[in-house]
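These notes are about the structure you will find just below.
Each value in this text was obtained by applying a stated rule to the coordinates, not by laboratory testing. Everything quoted here is computed from the prediction, not taken from an experiment. Methodologically, a virtual Cβ is constructed for each residue, glycine included, from the backbone with ideal geometry; neighbour enumeration extends over all protein chains shown.
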Amino acid sequence: MTPILGFAGYSGSGKTTLLEQLIPCLKQRGIRIGLVKHSHHSIDPDKPGKDSYRLRHAGCAQTLLATKERHMLYFEYPEPERDEPELQQCLAQLDHSQLDLILVEGFREEPIPKIEIHRPSYGKPLLHPNDSHIIAFATDEGEPKDCDLPQLNLNQPEAIAAFIIDWMK
């Protein structure tokens with residue numbers, strides 16, 4: 001089973017910014033990374049008028065666009081009111097044989113190991129007191145009182161990468 005590590009925090013806490021810095025650090029260490037990101041927004045990276053767009057909108061439930069650089073897999077759900085995506089379904093769509101680590105952004109309620117991302121200046125509550133799956137606390141300010149978790153500095157992605165590699169062992 002590929003190790004899975006989540007990054008949990010409220011919107012605007014810096015999860016994406018940290019991952020954007022962290023992924024190259026891990027990749028430089030030879031770690032093959034997969035990523036699952038949850039979004040509450042509608043997405044469509046395809047372009048109207050392109051063949052793939054036209055064929056996808058003709059009625060396919062699933063469309064795989066394949067090039068020598070990348071593959072993109074689209075799943076169409078006929079009922080827009082459907083439930084939020086389930087993490088396990090998203091993870092099953094990845095080719096685990098090509099990955100050493102899967103990073104997850106969002107899905108903060110899932111029972112997976114997570115690093116909490118917290119910026120006290122945003123005034124949001126802490127997650128770790130109510131989530132036993134949080135394994136470390138990353139912040140840009142001092143550590144919270146009564147927190148026994150490893151403390152990570154959001155401004156030191158290399159140190160966070162080292163923590164993750166130790167955790168993977």
Which of Lys68/Lys169; Lys37/Lys145; Lys27/Lys68 have a Cα-Cα distance over 24 Å? Lys68/Lys169; Lys37/Lys145
If you average over every viewing direction, what projected area does the convex hull of the Cα atoms of the chain give, in nm²? 11.8
With only Lys, Arg, Asp and Glu charged, each at its Cβ (+1 for the first two, -1 for the last two), find how big the charge dipole of the chain is about the Cα centre; round to the nearest 20 debye. 620
Between the Cα axis of helix 15-28 and the main Cα principal axis of the chain, the angle (0 to 90°, nearest 10) is 90
His71: net charge of surrounding residues, Cβ under 15 Å, Lys/Arg +1, Asp/Glu -1, itself excluded? 0
How much mean residue ellipticity at 222 nm does the chain get from its helices, if each DSSP H run of length 4 or more adds -39500 (n - 2.57) and you divide by all residues, to the nearest 500 deg cm²/dmol? -6500 deg cm²/dmol
For the range 94-132, list residues with backbone N below 11 Å from a point placed 7 Å from the Cα of Lys37 toward its Cβ? 105-106
Sorted by Cβ density within 10 Å, fewest first, the residues Ile160, Ile33, Ile4: Ile33, Ile4, Ile160
If you stretched the chain out fully between Gln156 and Ser52, how much longer would it get, using 0.36 nm times the residue separation minus the C-alpha to C-alpha distance? 33.4 nm
The range 146-160 versus the range 104-120: alpha-carbon centroid distance in Å: 14
Looking at Ala136, Cys60, Ser121, which one has the Cα that reaches farthest to the positive end of the dipole of the chain (charges on Cβ: Lys, Arg +1; Asp, Glu -1)? Cys60
Taking Val36, Val104 and counting other C-beta atoms within 10 Å, the order from fewest to most: Val36, Val104
Residue order, fewest to most beta carbons within 10 Å, for Lys68, Lys15: Lys68, Lys15
Note on the range 76-169: alpha-carbon gyration tensor, axes a ≥ b ≥ c; rule is a/c under 1.5 for rounded, else prolate if a/b larger than b/c, else oblate; result oblate
So, in nm, how far is label Ala92 from label Met72 when the simple model puts each one 7 Å beyond its Cα toward the Cβ? 2.5
